[in-house]
1. Checking Glu76 against (1) loosely packed, with under 13 Cβ neighbours inside 10 Å; (2) under 24 Å from Asp36 (Cα atoms); (3) without any contact (Cβ under 8 Å) to a residue 60 or more places away in the chain, which single condition isn't satisfied?
2. Given (1) in contact with a Phe, Trp or Tyr (Cβ under 7 Å, 6 or more places away or on another chain); (2) without any contact (Cβ under 8 Å) to a residue 40 or more places away in the chain; (3) crowded, with 23+ Cβ neighbours inside 10 Å; (4) not hydrophobic (A, V, I, L, M, F, W, C), identify the lone condition not met by Gln70.
3. State which residue is surrounded by the fewest Cβ atoms within 10 Å (Cβ to Cβ) when the search covers only region 117-129 and only residues that are in contact with a helix residue (DSSP H, G or I) (Cβ under 6 Å, 6 or more places away or on another chain) and small (Gly, Ala, Ser).
4. Scan region 41-65 residue by residue and report those that are modelled with pLDDT of 95 or more and among the acidic types (Asp, Glu).
5. Please go through region 130-158 and pick out each residue that is among the aliphatic types (A, V, I, L, M), exposed (fewer than 12 other Cβ atoms within 10 Å of the Cβ) and over 15 Å from Gly113 (Cβ atoms).
Amino acid sequence: MVLVAGVLAGWWAFRRPAALDESPTHYRILVCRYADKANLPDAFVHKVVLAESGGDPRAVSTAGAKGLMQIMPAAEADVLKKLDRAEKGDLFDPEYNLLIGTTYLRMLTDRFGGDAHLVLGAYHMGPTRVARYRAANPGISGRDLVRRFAGPATRAYCARLLQGRDLRLPVTRR
């Protein structure tokens, strides 16, 4: 019996796709490609994908966010304006979703000066709210802004992705 279980376990390990062995998501190569195009750390974008959809390109949230990076229609519209592109794509297509998601993260990174707490807070609860809290509390750190003003879901989201670290993302010079 032990021999049969060992043979089956070995067969299953051999049959599993390599992507599963390297990463919890099948889309690691695409994540790296689009993170690099947006000048964002691959690991950061990968964490966002895993936190948002668990790597499921067909994921849909109760709020209507879709795909790997859980893109909301308003975010998609903002990115399409930035990209000077009129037609919407399929948010369930991993490449299109990653293009929109990483471009949106780049826009938020530039808007919030590379402060990862503000970027993730804006990605999770909306950039307008983060900007409003920031304007009302000049000089507050991104970490403190999220701690004091974000809801419990956004606080947990930022804490999980940043693991208590202050992270500065590269800002694009204009």
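1. (1)
2. Result: Gln70 passes all but (1).
3. The residue in question is Ala122.
4. Glu52 - this is the single residue of region 41-65 that is modelled with pLDDT of 95 or more and among the acidic types (Asp, Glu).
5. Those that are among the aliphatic types (A, V, I, L, M), exposed (fewer than 12 other Cβ atoms within 10 Å of the Cβ) and over 15 Å from Gly113 (Cβ atoms): Ala136, Ala153.
The values are calculated or read from the model by the stated rules, or taken from the named source; none is laboratory data. Note that the structure is predicted; figures quoted are calculated from it, not measured. All Cβ positions, glycine included, derive from the backbone under ideal geometry; neighbour counts span all protein chains shown.
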